[in-house]
1. Does any residue of the stretch 11-21 turn out to be among the basic types (Lys, Arg) and free of Cβ contacts under 8 Å to residues at least 40 places away in the same chain?
2. Tally the residues that are among the β-branched types (Val, Ile, Thr) and more than 16 Å from residue 60 (Cβ to Cβ), restricting the search to the stretch 1-47.
3. Is one or more of the residues making up the stretch 54-68 within 14 Å of the ligand (Cβ to nearest atom), outside any strand (DSSP E or B) and without any contact (Cβ under 8 Å) to a residue 24 or more places away in the chain?
4. Take residue 46 and tell me if it is within 11 Å of the ligand (Cβ to nearest atom) and in a helix (DSSP H, G or I).
5. Those residues that are surrounded by 11 or more Cβ atoms within 10 Å (Cβ to Cβ), modelled with pLDDT under 95 and more than 8 Å from the chain's Cα centre (by Cα), I need them from the stretch 56-68; list them, please.
6. Of the conditions (1) closer than 25 Å to residue 68 by Cβ; (2) within 16 Å of the ligand (Cβ to nearest atom); (3) part of a helix (DSSP H, G or I); (4) of a type in the set (D, E, K, R), residue 41 satisfies every one except a single condition; which number is it?
7. Kindly provide the set of residues from the stretch 6-34 that are of a type in the set (A, V, I, L, M, F, W, C) and either more than 15 Å from the ligand (Cβ to nearest atom) or surrounded by 16 or more Cβ atoms within 10 Å (Cβ to Cβ) (or both), ordered by number.
Amino acid sequence: MPSKQYKKLGCMDVEPKMGCAFEVRAETEDEVMRLAADHSKTIHKMTSMPPDMADKVKSAIKTVTVNV
Ligand SMILES: [Zn+2]
C-alpha cells in the first residue's frame, strides 16, 4: 500500500497559552512555515515572526504518514 507523508503543525503546539485550535497541514515544511506565518499575521496580529518563534514553530512540526 502506498503511503504519503505530510507535515502538520498546531498553533497549540507552539503556544498553548494562546488557546488557538488552528492546525495546518502541508506537504513540505516550507509550506507549513508559510501558512503558519500567514495565520499568525492575520489571527494573532504578529507582523513578523521573530527568530525564536520560528525555531519553536519548526520544532513543533510533526511528520504524519498516511496510507493512500
Ligand atoms: Zn493560532
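The values are calculated or read from the model by the stated rules, or taken from the named source; none is laboratory data. Just so it is clear, the structure is predicted and the values come from calculations on it, not from any experiment. Counting neighbours? That spans all protein chains shown, and the Cβs are built from the backbone with ideal geometry, glycine included.
1. Within the stretch 11-21, one or more residues are among the basic types (Lys, Arg) and free of Cβ contacts under 8 Å to residues at least 40 places away in the same chain.
2. Qualifying residue count for the region: 3.
3. No - not one qualifying residue is present in the stretch 54-68.
4. Against the criterion (within 11 Å of the ligand (Cβ to nearest atom) and in a helix (DSSP H, G or I)), residue 46 does not qualify.
5. Listed by number, the list holds a single entry, 56.
6. (1)
7. Across the stretch 6-34, the qualifying residues are 9, 11, 14, 20, 22, 24, 26, 32, 33.
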